[in-house]
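The values are calculated or read from the model by the stated rules, or taken from the named source; none is laboratory data. Model, not experiment: these values are computed from the prediction. Positions of Cβ are generated from backbone atoms using ideal geometry, with glycine treated the same way; all protein chains shown enter the neighbour counts.
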Amino acid sequence: MQHAVFTYNATEWVLFFFIYSFLGWVFESTYVSLRKGRPVNRSFLRGPILPLYGSGAVLMLFVSIPVEYSMVLVYLAGCVAATALEYVTGVCMEAIFKVRYWDYSNKKFNFQGQICLSSTLAWGGLTLLLVYGIHRPISEFVLALPAWFADILAHAIAMAAAADMALSFRAAMELRGMLIRMSDVRKELELAQKRADVILAFAEQDMREKREEFGQRLAEARREGERLAGIRAEEARERRNELEEKLESAAQRLEATVRSLDEKRGRLG
């Protein structure tokens, strides 16, 4: 298959793309379904294809088959090409649909969560497996198809995938609009929360000031009450003293009157 990349026609490349897209969907969906314990469709589309795998396989074949005489070059070509495709695809899909379909942020040596070293090395290994193993029987199968049948098959699959892409794109854009609205609502709620926090902070400050003012007034009222109570107690003591003095004076006058009467009675007797 030396330099077969230059002998494949457009129909054969289209069939390669869809075959590897289907195999990628089988692998990815099976792996994720087993991990989560439930069926998971890992495709962006409704149909059983993952275009990223098809694009990656076609790209890896295109850059590696011309150097298939060297496993090292095949490995390096696969690492670079597949990683570049993964990064561009991830960035574009996130920018368009506001959704990240994979995230390597928890992996070591990652870049923006879109690519990472372990993924790059895995792409290189997959390229070796693809070029020296998987692709040969697939290539023989596709090349064995009658040209007229291969053309019809490629066109039929492409039209079905295009219709699926249109429906999935519309659904994704609706999801994108909903996510944008949810993000706007979240921002408004965060702004309202910040305003409420500011209002609450001012209210608490005003409450503290009023509490302090009330405490001061209460203390002043207590002091004034004590002062008035002291004044009234002093007035009461003064009145009591005056009354005692008047009683004592009256008693003295009465005693003097009694003595005077006794003296008069004595003279008359």
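Taking the residues in segment 67-108 that are over 21 Å from Leu126 (Cβ atoms) and not aliphatic (A, V, I, L, M) as candidates, determine which candidate is surrounded by the fewest Cβ atoms within 10 Å (Cβ to Cβ).
Asn106
Would you point out the residue of segment 1-28, among those that are assigned to a loop (DSSP other than H, G, I, E, B) and not aromatic (Phe, Trp, Tyr), that is modelled with the highest pLDDT?
Taking segment 1-28 first, the residues assigned to a loop (DSSP other than H, G, I, E, B) are 1-3, 7-9.
Retained after the next criterion (residues that are not aromatic (Phe, Trp, Tyr)): 1-3, 7, 9.
Working: Met1: 42, Gln2: 43, His3: 47, Thr7: 75, Asn9: 90.
Step by step, filter segment 1-28, then rank; the result is Asn9.
Regarding Thr83, is this residue assigned to a helix (DSSP H, G or I), of a type in the set (Val, Ile, Thr) and touching a strand residue (DSSP E or B) at 6+ places or on another chain (Cβ under 8 Å)?
On the way: assigned to a helix (DSSP H, G or I): yes; of a type in the set (Val, Ile, Thr): yes; touching a strand residue (DSSP E or B) at 6+ places or on another chain (Cβ under 8 Å): yes.
Here the answer is yes, as Thr83 does meet what is asked.
Six or more apart or on different chains, Cβ atoms under 9 Å: show the pairs whose first residue is in segment 50-71 and within 18 Å of Ala162 (Cα to Cα) and whose second is small (Gly, Ala, Ser) and part of a loop (DSSP other than H, G, I, E, B).
Every condition considered, the pairs that remain are Leu50/Ser43; Pro51/Ser43.
Based on what the data block shows, is Gly125 more than 21 Å from the chain's Cα centre (by Cα), surrounded by fewer than 18 Cβ atoms within 10 Å (Cβ to Cβ) and under 18 Å from Gly24 (Cα atoms)? Outline the logic, then answer.
Values: more than 21 Å from the chain's Cα centre (by Cα): yes; surrounded by fewer than 18 Cβ atoms within 10 Å (Cβ to Cβ): yes; under 18 Å from Gly24 (Cα atoms): yes.
Judged against the criteria, Gly125 is a match.
Does Gly47 meet the test of being in contact (Cβ under 8 Å) with a residue 12 or more places away in the chain, assigned to a loop (DSSP other than H, G, I, E, B) and of a type in the set (Gly, Ala, Ser)? Steps first, please.
Working: in contact (Cβ under 8 Å) with a residue 12 or more places away in the chain: yes; assigned to a loop (DSSP other than H, G, I, E, B): yes; of a type in the set (Gly, Ala, Ser): yes.
Against the criterion (in contact (Cβ under 8 Å) with a residue 12 or more places away in the chain, assigned to a loop (DSSP other than H, G, I, E, B) and of a type in the set (Gly, Ala, Ser)), Gly47 qualifies.
Quick test of your reading of the structure: Leu145 fulfils all but one of (1) more than 22 Å from Val14 (Cβ to Cβ); (2) surrounded by 15 or more Cβ atoms within 10 Å (Cβ to Cβ). Name the failing condition by number.
(1)
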